[in-house]
Amino acid sequence: MKKLAEIRAVRGYNYRIEVDGGVALNTVGGVVLAGAEVLVAGNAVFGSGDPKANASALLEAAREVKEQGTFSYLERSLATPELNRYMQE
């Protein structure tokens, strides 16, 4: 994803980077920092609990990372190999 964001910036392309799958509270920060702008998080929203609360938590976490450029304590504490994979791509 980082390479796609770099190519887009250098060449002046106007496309949005989407991640479909694997987006959850513990990965959303990584995918946003890596350059994703469109996130599909079906299981994270509808898998368990209240879908509205789940969607709000994901959106809040994504906005925090977008605005501050860093992870919250919660996301760092929930970091997984998936998150690290997104950050490397």
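Laid out as a table, the results:
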read-out: Residues located in the stretch 39-76, provided they are β-branched (Val, Ile, Thr) and at pLDDT below 90; value: VAL65, THR70
read-out: Candidate set from the stretch 13-24 (those that are hydrophobic (A, V, I, L, M, F, W, C) and at pLDDT 90 or above); member that is surrounded by the fewest Cβ atoms within 10 Å (Cβ to Cβ); value: ALA24
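The values are calculated or read from the model by the stated rules, or taken from the named source; none is laboratory data. Just so we're clear, the structure is a prediction, and the values are computed from it rather than from any experiment. Neighbour counts are summed over all protein chains in view; Cβ atoms, including those assigned to glycine, are modelled from backbone coordinates with ideal geometry.
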